[in-house]
Amino acid sequence: SEASSEAQFKMLSSCSKVGDPCPGQPYKGGHFYAFLPDNREGQKTAMLLKKAFEHGLTFQIKSCNGEERVTWGVIPHKTSWDGGKARNGYPDAQYLHEVCTVL
């Protein structure tokens, strides 16, 4: 079985800024998890995902049931080790190629 790695993000609640959907409005944070295989391709992808995070591209603020909240942005993340592509999980043989193309 292949080794694996997990990234954990804790996004705190705060107020949105200029450029967000509702500037100055409070938004709700959350806990987010992403999974990558611990191999050469997975490590390369992790470095690209880190750069995307540092540039503010990983998350966005969206209205959800009448409140603003942090959600994943357009970069696809695997949030489970199982469930397949339909549930943002593995197995998904094309994921690393697809996410690197987006990045």
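The values are calculated or read from the model by the stated rules, or taken from the named source; none is laboratory data. No experiment lies behind these values; they were computed from the predicted model shown. Glycine gets a Cβ as well: all are built from the backbone with ideal geometry, and neighbour counts include every protein chain shown. Areas reflect the complete protein model, heavy atoms only, side chains present, ligands, DNA and RNA absent. Shrake-Rupley method; radii C 1.70, N 1.55, O 1.52, S 1.80 Å.
Brief remarks follow.
- Of the set (1) free of Cβ contacts under 8 Å to residues at least 24 places away in the same chain; (2) exposed (fewer than 13 other Cβ atoms within 10 Å of the Cβ), all apply to V74 but (1).
- Subset of segment 39-49 [open to solvent by 30 Å² or more (accessible area, probe 1.4 Å) and under 16 Å from D92 (Cβ atoms)]: N39, E41
- Residue tally, condition open to solvent by 50 Å² or more (accessible area, probe 1.4 Å) and in contact (Cβ under 8 Å) with a residue 24 or more places away in the chain, over segment 24-38: 5
- Conditions (1) touching a residue at least 24 places away in the same chain (Cβ under 8 Å); (2) on the phi > 0 side of the Ramachandran plot: number failed by G56: (1)
- Filtered residues of segment 31-84 (kept if more than 15 Å from the chain's Cα centre (by Cα), over 12 Å from V99 (Cα atoms) and among the basic types (K, R)): R40
- In segment 77-102, the qualifying residues are those that are touching a residue at least 40 places away in the same chain (Cβ under 8 Å) and loosely packed, with under 15 Cβ neighbours inside 10 Å, and the one that is nearest to F32 (Cα to Cα) is T79.
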